[in-house]
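Report on one structure; see the data block that follows.
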Amino acid sequence: MSTLRKTSNEGRSKTLKRFAQLAALGEVVFHISDLASLWQITNRNTLRTTLKRYAEQELVYRLWKGMYALKPADKIDPLLLGIKAVHSYSYISTETILFRSGIISQRPAAVTLVGPVSRRFEIGRTEYACRKLADQYLYRSDGVLEIGGIREASLERAVADLLYYNPQAHLDAPVDWKEVKRIQAAVGYQLTSSRYNR
């Protein structure tokens, strides 16, 4: 066997092994740091070159800064992409949840998240806005549900989050103020009694 053919077979074998490792995780979206750890590639240039080659072969798709997927962005739930892009604990909340629930009538310009950083970004054709929330509130899970890897605020948690940022926020439909108050107290937010004592 020629050295060239042997090298080619070794490369294919390594690629198959890497994608078998990805498949075993059951994830679709990855950060470059996740791949470096999984594939035990310590040299960043080697990893970037490898990912560039895989992207050219459409084995992976580059979605955003250091974020890759096994599918193109338009084939992945945009809510999951937003959560993955923040790359730390975050959840879908505020206007996105409230619009979907009919509590506000104006469609938000971006998918709204709450997380440890304030950031606006775009992946594919979807815009995202992440609002920074202090750790003392962020990691309080009251009213935050996780389904299929996507963390979302309940309607009442989304109201409580929105009132944290803007106590005068306008709502177009009634909400369960008793539950909003309970969540505000559980999370440690300041109570907005003027909103539910009407």
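Please treat every number below as a calculation from the coordinates, not as lab data. Owing to the predicted nature of the structure, the values given are computational and were not obtained by experimental measurement. Here the Cβ is made from the backbone with ideal geometry for all residues, glycine too, and neighbour counts use every protein chain on show.
Of all the residues in the range 62-109, those that are part of a helix (DSSP H, G or I) and either polar (S, T, N, Q) or in contact with an Asp or Glu (Cβ under 8 Å, 6 or more places away or on another chain) (or both) number 4. Pairing each residue of the range 123-135 that is without any contact (Cβ under 8 Å) to a residue 40 or more places away in the chain with any residue that is assigned to a strand (DSSP E or B) and charged (D, E, K, R), provided the two are 6+ apart or on different chains, yields C-beta distances under 8 Å for GLU127/ARG120; ALA129/ARG119; ALA129/ARG120.
Does THR15 meet the test of being free of Cβ contacts under 8 Å to residues at least 12 places away in the same chain, among the hydroxyl-bearing types (Ser, Thr, Tyr), out of contact with any strand residue (DSSP E or B) (no Cβ under 6 Å at 6 or more places or on another chain) and in a helix (DSSP H, G or I)? Criteria not met by THR15.
Rundown of residues vs (1) of a type in the set (S, T, N, Q); (2) over 30 Å from PRO174 (Cβ atoms), yes/no style:
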position	(1), (2)
LEU16	no, yes
THR50	yes, yes
GLY66	no, yes
SER90	yes, no
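Where helices (runs of 4 or more DSSP H) sit wholly within the range 116-198, those with at least 2 residues that are surrounded by 12 or more Cβ atoms within 10 Å (Cβ to Cβ) and among the hydroxyl-bearing types (Ser, Thr, Tyr) occupy 155-165.
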